[in-house]
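The values are calculated or read from the model by the stated rules, or taken from the named source; none is laboratory data. Keep in mind it's a predicted model, so treat the numbers as computed, not measured. For neighbour counting, all protein chains shown are included, and Cβ atoms are generated from backbone atoms with ideal geometry for every residue, glycine included.
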Amino acid sequence: MMDENLKRRIFLSRGAGLGLGAMAFQLIENRQLSADTQQPSASKLGKIQNVHHPAKAKNVIFLTQSGGPSQIELFDYKSGLEKWAGKEIPAEIRQGQRLTTMTANQKQLVMPARTSFKKYGDSGATIGEWLPHHAKIADELCFVKSMTTDQINHAPAMTKFLTGHQIPGRPSLGSWTSYGLGSENRDLPDYLVLISRMKRPSDQPLYDHYWGSGFLPSSFQGVKLRNSKNPVLYLEDPQGLPRSIRREMLDRMAELNRIRQEKTGDREIETRIKQYEMAWRMQTSIPELLDFSDEPKSTFDLYGVDSRRPGSYAANCIMARRLIERGVRFVQLFHPDWDHHSRLNSWCVARCQDTDQASAALVIDLKRRGLLDDTLVLWGGEFGRGVAGQGKWDSPEGGRDHHPRCFTMWMAGGGVKSGISYGKTDEFSFNVAENPVHVRDLHATVLHLLGIDHQRLTFRHQGLDFRLTGVEQARVVKEIIH
């Protein structure tokens, strides 16, 4: 629906031949452009020209592990599970909590961790054996072991994890960041998305609304790069078309678009103008970004042999670092297929092998280059896995079902305390026992680290002032911040 201001602007613009109408239209137009609740200016700076408080981080890299990594095998060590092997989870632990249809009709028999754990670093962080490279960065990480959400299936859980609401249509965290802060780089988008090119076909969908702008102007949505040798198509002008002619075409097209915008008041026309200009500049900036020839052999050794395969998770981690070096505000990597309902021992191990070395290398690389202090790195998925075995708990075919009540994420850099674990779960890794951190709290904390008060970053839509954290209570987890 068209808001009232926009209706008035269109009405008065069509009657602009009348002196009073023309004056009123100009007054409303000027007021609209200067109001801080509307679309930001045409510059790369966002709505917030001066941050609400001193920022700890300038940039974000979100290593999104889609499918729900098992905290029980990776980070949340529970020494007492062996004595419960094959026994039903006690009713006082279950508390009648919802299960998916995949396990609701089977007995909830405890399956202990399929891995062994060791303590690493001065912090004594417990990390499972499937993540040997994470052990090297244990003292750089802040583990949040008390994450919780209220969505039990992938699509609504990931949608909530990234947008704050389980129903598609809201802006993602990256889009809110782009809207609020913009970027220092005028030649690349504020928010870029990289999706792993898997070695085998993946049946897990990654929907565009995960990085969408929702009701924000579409200029703030994530720009997805293709996971191939040519991440951006049509970078070269058509043969026989000089750049000068191409530039003149864009200028004339912008003039026509602005005439149309003046008549309709449609903000998306301004987005279209900006995106044409961005595409023009990306014809120069993208080839330079994609040219890894300036990376020494030591970089590829650090990230692993798979980093030479275009579109791999490891190559995308190098790309993320290169984007941060160029001032891009928000970079999000997606790695799918963490959904291990069966064959946990092979399926989860494979995902760890895909991501372990490169994730650790990214933290090491950022620190070596002096970028980690200003860059917030997040690692995690939309929920965790349940302690009950799915299928036969003692079989190699056994897996784990979705579990929203508790899961683990880690954070590094960007003003977050290093070498700590925050929050605890019960002895079954089934419920949060101490210091719960809801997805809303995570969002509030990320924005806080970027210098944004989550209650003050709003956008007027359908008569309401929307914000990322919604209307329910959300807190900044100050205990993990320097």
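Side notes on the structure shown:
- Matching entry among I273, I286 (being part of a helix (DSSP H, G or I) and touching a strand residue (DSSP E or B) at 6+ places or on another chain (Cβ under 9 Å)): I286
- Residue match in the range 411-426 (condition: among the aromatic types (F, W, Y), in the same structural domain as S178 (by TED's automatic domain parsing) and surrounded by 21 or more Cβ atoms within 10 Å (Cβ to Cβ)): no
- Strands (runs of 3 or more DSSP E) (entirely within the range 396-482) containing at least 2 residues that are over 18 Å from the mean Cα position of the chain (by Cα) and closer than 23 Å to G46 by Cα: 459-461, 464-466
- Count - residues of the range 171-201 that are within 28 Å of Q455 (Cβ to Cβ) and crowded, with 21+ Cβ neighbours inside 10 Å: 18
- Subset tally (residues that are free of Cβ contacts under 8 Å to residues at least 60 places away in the same chain and basic (K, R)) for the range 275-310: 2
- Lone unmet requirement of (1) crowded, with 21+ Cβ neighbours inside 10 Å; (2) under 30 Å from P205 (Cβ atoms) for P156: (1)
- Residue in the range 205-217 that is among the hydroxyl-bearing types (S, T, Y), in a helix (DSSP H, G or I) and in the same structural domain as D187 (by TED's automatic domain parsing) present: yes
- When restricted to residues that are surrounded by fewer than 23 Cβ atoms within 10 Å (Cβ to Cβ) and within 18 Å of F62 (Cα to Cα), the range 450-466 contains 1.
- Residue count for the range 218-231, restricted to those that are surrounded by fewer than 17 Cβ atoms within 10 Å (Cβ to Cβ), part of a loop (DSSP other than H, G, I, E, B) and at pLDDT 85 or above: 1
- Single condition N105 does not satisfy, out of (1) out of contact with any helix residue (DSSP H, G or I) (no Cβ under 9 Å at 6 or more places or on another chain); (2) surrounded by 15 or more Cβ atoms within 10 Å (Cβ to Cβ); (3) over 19 Å from D426 (Cα atoms); (4) not charged (D, E, K, R): (2)
- Check on R321, assigned to a helix (DSSP H, G or I) and surrounded by 18 or more Cβ atoms within 10 Å (Cβ to Cβ): yes
- Those strands (runs of 3 or more DSSP E) of the range 82-149 in which at least 1 residues are without any contact (Cβ under 8 Å) to a residue 60 or more places away in the chain, considering only elements entirely within it, cover 117-120, 125-128.
- Some residue of the range 343-361 being crowded, with 24+ Cβ neighbours inside 10 Å and of a type in the set (F, W, Y): no
- No other residue among E184, E255, E248 is assigned to a loop (DSSP other than H, G, I, E, B) and out of contact with any Ser or Thr (no Cβ under 7 Å at 6 or more places or on another chain) apart from E184.
- Selection from the range 150-163 of residues that are within 19 Å of T425 (Cα to Cα) and either part of a strand (DSSP E or B) or not hydrophobic (A, V, I, L, M, F, W, C) (or both): D150, Q151
- Test: F383 is within 30 Å of H53 (Cβ to Cβ), surrounded by 22 or more Cβ atoms within 10 Å (Cβ to Cβ), touching a Phe, Trp or Tyr at 6+ places or on another chain (Cβ under 9 Å) and not small (G, A, S): no
- Unique match (being modelled with pLDDT of 90 or more, of a type in the set (D, E, K, R) and out of contact with any Pro (no Cβ under 7 Å at 6 or more places or on another chain)) among D251, D306: D306
- Criterion violated by G67 - all others in (1) crowded, with 20+ Cβ neighbours inside 10 Å; (2) modelled with pLDDT under 50 satisfied: (2)
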